[in-house]
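Asker: Attaching a single structure in structure tokens format; questions to follow.
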Amino acid sequence: MAKKGKRGLRFSLSETQLGYAMVAPALILVIVVTLWPVALSFYNSLFDYRLTDPTRSQTMLSSSVDLEAYVNNYYYLDRSLDHLSTSSAPEHQDIFQDIEQSIRQYHEQLQADSHVKERYATVEEMVNNYEPVRDQSLKYAKLDRDIAEGYQAELSEVLATVEPLITEANQEHAELYQNFYHYVQNIETAILESNFIGFSHYINYVQDSRMWAAMSNTLFFTVVSVAAELVLGLAIALLINRTFKGRGLVRVAVLIPWAIPTAVAAMMWRYLYDGQFGVIAHYFEQLGLISDSSVLLSTGAGAMFSIIFADVWKTTPYMALLLLAGLQTIPNSLYEAAKVDGANRIQTFFKITLPLLKSAILVALLFRTLDAFRVFDLIFVLTGGGPANSTESISIYAYRTLFSQQNFGAGSALSVIVFLSVALISFAFIKFIGSDLFEGRTRGS
């Protein structure tokens, strides 16, 4: 709303507009840091995008040509065609002359394409000067679909024609034909078809048993570990919230496992679980908890138990810290009043502590559930997802697909699935569990 004063025109914002203005920087940061990478991953997931395959090393909505590879290989192909037209076996010369005519015809069509024409001479000059083409917009040029499909079909036909000639010819001619065959193959890989596949990756993952197994492992780990951490964390929080001698030292000691980096903690537990010299494995066997000290890391059930046990040890202090903060917000006067009314400890816990701690519990559960669902480093270092993928989480599956296999399209699809799962968990907490957090906080209250 604008107001006119003695000194000119002055602008003022309403309370709602001011609120949006205050949160705008945070929203922009969230969009840049969180939503933009997710949007980019979703875009990549719509392509068969693989760095291990030269024909799929870029996201291409239309047919394209790798000009650096094409120019470099066509130089040798052109020389080979000239040589074969005169040096091939007499009974094969007509075949190679027809091949020469068709290939050069498509080559001229490619050079005349509007998107290629401007770049071809530049790339050719750089290749002749042994300069790498680092500019992607120069290296890859769009190509008319009809030209690309026709050229590739012609090259495939040439390969099919030349292949039997290699076995029929004598050693001298066979070597010439073999070199020509490789040059044609290289030219064929330089002409790139569109690798846009839409939602095919997601459709494949719906039918992928490994993906569902990884999701089941992740959910089982999340539910069991978070439940155990909640019970133990609440017990520890109740203990260290009491006043006793040495309370500060106990609080510091409790937080030590949480302060250790996860990768370091996982490596430590890996030695403790070792079947030959692991202390924990030895005592578990002595207590009868396991049949043999080697089962903790060599069997699916033992490995899953080992991961959950290590995570509970590592993260229970974090849960206890969040719940301790909630306990310290409960007024002591309520406990004093309950004591005067004759309530015992159990009644006090269920009637006062637990209801008033509900908000802190919900926040702690939300944070830990989201963190546990995205577990990666603990499992990666401790078991590597084994044995036989029995402890592989969805994050590890995505990592292996994305980075180990260099399959960016399928890996990006898994990343989007992880993001959607985390968003669904957050929505479920807020909608069905955490709605009481906002009870009574209506507009104008």
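Asker: Taking only Cα atoms and a 10 Å spring cutoff, compute GNM fluctuations for the chain and point out the largest among 277, 350, 373.
Answerer: In this elastic network of the chain, the residue with the biggest mean-square fluctuation among 277, 350, 373 is 350.
Asker: How much FRET efficiency would the formula 1/(1 + (r/R0)^6) give for residue 22 and residue 244, where r is the Cβ-Cβ distance and R0 is 51 Å, rounded to 0.05?
Answerer: Efficiency, rounded to the nearest 0.05: 0.70.
Asker: Sticking with this one: Can you give the direction-averaged projected area of the convex hull of the alpha-carbon atoms in the range 285-345, in nm²?
Answerer: Working: hull surface 27.8 nm².
Mean shadow area of the hull around the Cα atoms is 7.0 nm².
Asker: Counting other Cβ atoms within 10 Å, keep those with at most 13, restrict to DSSP loop, and tell me which trypsin sites (Lys or Arg not before Pro) in the range 208-246 are left.
Answerer: Counting only loop positions with at most 13 other Cβ atoms within 10 Å, the trypsin sites (Lys or Arg not before Pro) in the range 208-246 are 242, 245.
Asker: Now a separate question. Mean-square fluctuation check for the chain, GNM, Cα pairs under 10 Å: which of 106, 130, 120 is largest?
Answerer: Looking only at 106, 130, 120, the biggest GNM fluctuation is shown by 130.
Asker: With a cut-off of 8 Å between alpha carbons and a minimum separation of six or more residues, what is the relative contact order of the chain in percent?
Answerer: 20 percent
Asker: Further question on the same structure: Can you tell me which of 253, 410, 263 moves the most in a GNM of the chain? Springs connect C-alpha atoms under 10 Å apart.
Answerer: 253
Asker: Taking the radius of gyration and the Kirkwood hydrodynamic radius from Cα positions alone, what is the Rg/Rh ratio for the range 292-445, to two decimal places?
Answerer: Answer for the range 292-445: 1.12.
Asker: Could you tell me how many degrees, from 0 to 90 and to the nearest 10, lie between the Cα long axis of helix 93-112 and the main elongation axis, the longest principal axis, of the Cα atoms of the chain?
Answerer: Result, in degrees: 50.
Asker: Which of the peptides 20-26, 352-358 is most tightly packed, and how do the rest follow, judged by the mean count of other Cβ atoms within 10 Å per residue? Kindly include the intermediate steps, with their values, before the conclusion.
Answerer: Numbers: 20-26: 10.0, 352-358: 15.7.
The densest-packed peptide leads the list: 352-358, 20-26.
Asker: Output the 0 to 90 degree angle, nearest 10, between the alpha-carbon long axis of helix 114-128 and the longest principal axis computed from the alpha carbons of the chain.
Answerer: Tilt of helix 114-128: around 80 degrees.
Asker: So if each residue of separation counts as 0.36 nm, and I subtract the Cα-Cα distance between residue 279 and residue 313, what length gain in nm does that give? If you can, show how the numbers build up before the last one.
Answerer: Values: separation 34, 0.36 × 34 = 12.24 nm, distance 1.58 nm.
Going from the current span to full extension adds 10.7 nm.
Asker: Another question about this same structure. With each pseudo-label sitting 7 Å past Cα toward Cβ, what's the residue 163-residue 268 distance in nm, one decimal?
Answerer: It works out to 6.0 nm between the two label points.
Asker: So, one more: Could you give me the radius of gyration and the Dmax of the range 75-188, taking only the C-alpha atoms into account and expressing both in angstrom?
Answerer: 15.6, 45
Asker: Tell me, in nm to one decimal, what length is gained between residue 194 and residue 42 on full extension, where the rule is 0.36 nm per residue of separation less the Cα-Cα distance?
Answerer: Taking residue 194 through residue 42 to full extension adds about 53.0 nm, to one decimal.
Asker: In addition: For the peptides 330-340, 82-92, 179-189, 62-72, what is the packing order when you average, over each peptide's residues, the other Cβ atoms within 10 Å and list the highest mean first?
Answerer: 62-72, 179-189, 82-92, 330-340
Asker: Work out the count of Lys pairs in the chain where the Cα-Cα distance is under 20 Å, with the pair 8 or more places apart or on different chains.
Answerer: Qualifying lysine pairs in the chain: 4.
Asker: How far apart, in nm, are two points set 7 Å out from the Cα along the Cα-to-Cβ line at residue 86 and at residue 329?
Answerer: The modelled label-to-label distance comes out at 9.0 nm.
Asker: How big is the range 162-222 along each principal axis, measuring the range of its Cα positions in Å and listing the largest first?
Answerer: 66, 24, 16
Asker: Then there is this: Compute, for residue 274, the solvent-accessible surface of its heavy atoms (probe 1.4 Å) with the complete set of protein chains present, and express it in square angstrom to the nearest 10.
Answerer: Spelled out: residue 274, probe radius 1.4 Å, area about 40 Å².
Asker: What do you get for the angle between helix 36-45 and the principal long axis of the chain? Use alpha-carbon atoms, 0 to 90 degrees, nearest ten.
Answerer: Orientation of helix 36-45: about 50 degrees from the principal axis.
Asker: Report, largest value first, the span of the C-alpha coordinates of the range 203-330 along each principal axis, in whole Å.
Answerer: Between the extreme Cα coordinates on each principal axis of the range 203-330 lie 53, 43, 26 Å.
Asker: If you don't mind, another one. Compute the relative contact order of the range 186-307 as a whole-number percentage, counting only Cα pairs closer than 8 Å that sit 6 or more residues apart in sequence. Could the numbers behind the result be given before it?
Answerer: Working: 52 pairs, mean separation 13.7, N = 122.
Contact order relative to length: 11 percent.
Asker: Starting at 0 and stepping by 10 Å, how many percent of the alpha carbon pairs of the range 262-308 end up in each bin?
Answerer: Each 10 Å bin holds this share of Cα pairs: 31, 59, 10.
Asker: So, with +1 on the Cβ of K and R and -1 on the Cβ of D and E, and no other charges, what is the size of the charge dipole of the range 122-224 about its Cα centre, to the nearest 20 debye?
Answerer: 820 debye
Asker: Another question about this same structure. Using a 1.4 Å probe and counting only protein heavy atoms, arrange 345, 251, 145 so the residue with the most accessible area comes first.
Answerer: 345, 145, 251
Asker: May I pose another question? Which shape class applies to the chain: rounded if a/c is under 1.5, otherwise prolate when a/b exceeds b/c and oblate if not, where a ≥ b ≥ c are the square roots of the Cα gyration tensor eigenvalues?
Answerer: oblate
Asker: Under 8 Å for C-alpha pairs, at least 6 residues apart: give me the relative contact order for the range 288-394, rounded to a whole percent.
Answerer: 38 percent
Asker: Starting from the 7 Å offset along Cα-to-Cβ, what nm value, one decimal, do you get for the label separation of residue 253 and residue 33?
Answerer: Simple spin-label model gives 3.7 nm for this pair.
The values are calculated or read from the model by the stated rules, or taken from the named source; none is laboratory data. Quantities reported herein were computed from a predicted structural model and do not represent experimental measurements. Reconstructed Cβ throughout: ideal geometry from the backbone, glycine too, with neighbour counts over all protein chains shown. Heavy atoms of the whole protein, side chains included, go into the accessibility calculation; ligands, DNA and RNA do not. Shrake-Rupley method; radii C 1.70, N 1.55, O 1.52, S 1.80 Å.
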